[in-house]
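J.: Can you read through this structure? Questions will come right after.
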Amino acid sequence: MNILILGSGGREHALTWKLSQSKKVSRIFIGPGNAGTAELGTNLPINPEDFESVGRAVRDNDIKIVIVGPEAPLVSGIHDYFLADGFLKSIPVIGPSKSAARLEGSKDFAKDFLTRHGIPTAAYKTFDKSNASLAPAFLRSLEPPYVIKADGLAAGKGVLIIKDIAEAEREVNDILGGKFGTAGQKVVIEQFLSGIELSVFVITDGHSYILLPEAKDYKRVGAGDTGLNTGGMGAVSPVSFAGKEFMARVKERIIDPTMKGLAEDGIVYKGFIFFGLINVGGDPFVIEYNARLGDPESEVVIPRIRSDLFELIEGVAEGNLSEREIVTDPGFFTTVMLVSGGYPGSYEKGIEISGLGKTSDCVVFHAGTKISGNKVVTSGGRVLAVSSPGGTMKEALEGSYRNARLLSFDKMYFRPDIGFDL
Ligand code: AMP
Ligand code: GLY
């Protein structure tokens, strides 16, 4: 069967790598993909948010299943676009409908969902221009720091954590005034939760779900969790504090009520759900939902899946996921992201990457690369994710760092302390 994977990052390379090992998959197309996916399948020069060209690629290449990597096409309704087309409606899209993707696309929607269904999350209130005058009083009812979020997708920049009350009030006004464009038509103000975060993933066909390995992602650019937020500088799996007891709480208090809540609200969800959780003294709370897999979490979660991932994808497509199983590797995987100098601020692109043939006992997932002539060059802030296995986290990290040092491009940077807190 031919499949199409939409996206161009490390997550999509990891999906391509894993699905290319399935006996049931004949050809993989990736739109638009990167230099890494080009080695395993056929890159198509399409924009995942241009649904017409995605539809054309599906017809032209006899694609039978579409797997959506990033959130933007889901939030803008690629699943619904397929369902509304006489031909495309028979092609399963792995990724939720527009209505279901609001769990990621609207923080107000997600908080309302969580609260209505009694799922642990930080206390909050939503404001828009009509009730903005009440925001200062709500801020004053909370302890600092203040957590202020633009409602919609803001390219990972829409969450502010501010200590000073006057600055917090100003930010609320700036967001409602258009600082993040239409993403800031509403602002969610939340109680600050103190704890350690982790990412938990399930795949669901709308009826049952299968839990994937959990991971911890390192979002800040600098060592010791300092500096600006990034898309993620590295990840580890498994997560030491996510033992049996904690994960039983996650299932009972968070995953099961989420699935039940979706059913009660009449929302059919087909695809991956990413639970961004925080462990507060042993109790899990939801920080956010995402309608997709994480990146760089995928670069450690997917290598830990021993069984055929396509079996689960097919289970979602056919609505019989309850008959499928996952086998996971009990060992560790870690990934270290090699990024362009300057990231997450401005950085150069098109820099030649060297050392790609020198690595061993690891998988180098391409996150922001492209082929230029006969060279592989950088094409994004996050460039390569070096994923290594190990019997312990330390052993896996040694592999990631040993291999990271064999790779190079001008102004390359990586965090030296992934896993430091575990
Ligand atoms: P989000 O985009 O909602 O995941 O927020 C980005 C980051 O902000 C999260 O990964 C957390 O580190 C932090 N954050 C968001 N909400 C809260 C909260 N209520 N309490 C503490 N930290 C938070
Ligand atoms: N690594 C966090 C995310 O994918 O949103």
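What follows is calculated from the coordinates using simple rules that are stated; it is not laboratory data. On a predicted model such as this, the values are computed, not experimentally measured, just so you know. Quick reminder, even Gly has a Cβ in these numbers, built from the backbone with ideal geometry, and neighbours come from all protein chains shown.
J.: Suppose R0 equals 56 Å. What FRET efficiency, 1/(1 + (r/R0)^6) with r the Cβ-Cβ distance, do residue 374 and residue 159 give to the nearest 0.05?
T.: Once rounded, the FRET efficiency stands at 0.85.
J.: Using Cα pairs closer than 8 Å and at least 6 residues apart in sequence, work out the relative contact order for the stretch 68-225, in percent.
T.: Here the relative contact order equals 18 percent.
J.: Below 8 Å, C-alpha to C-alpha, sequence gap of six or more: please give me the relative contact order for the stretch 1-85 in percent.
T.: 34 percent.
J.: Let me ask something else. Using each residue's phi in the stretch 52-63, evaluate 6.51 cos²θ - 1.76 cosθ + 1.60 at θ = phi - 60° and report the 3J(HN,Hα) Karplus result to the nearest Hz, with x for Gly and Pro.
T.: Along the stretch 52-63, the couplings run 4, 6, 5, x, 5, 4, 5, 5, 5, 10, 6, 6 Hz.
J.: What do you get for chymotrypsin sites (Phe, Trp or Tyr not before Pro) in the stretch 203-281 restricted to DSSP loop and a cutoff of at most 16 other Cβ within 10 Å of the site's Cβ?
T.: 241
J.: Quick one: among 61, 374, 47, which has the greatest mean-square fluctuation in a GNM of the chain with alpha-carbon springs under 10 angstrom?
T.: Result: 374 has the largest fluctuation of those listed.
J.: Could you work out the helix-only [θ] at 222 nm for the chain, with each DSSP H run of four or more residues adding -39,500 (n - 2.57) and the total divided by the number of residues, to the nearest 500 deg cm²/dmol?
T.: After summing the helix terms and dividing by residue count, I get -6500 deg cm²/dmol.
J.: Which whole-number percent is the relative contact order of the chain (Cα, under 8 Å, 6+ apart)?
T.: 17 percent
J.: Got a sec to turn the phi values of the stretch 333-346 into Karplus ³J(HN,Hα) couplings, 6.51 cos²θ - 1.76 cosθ + 1.60 with θ = phi - 60°, whole Hz, x for Gly and Pro?
T.: 10, 10, 9, 10, 8, 9, 10, 6, x, x, 4, x, x, 7
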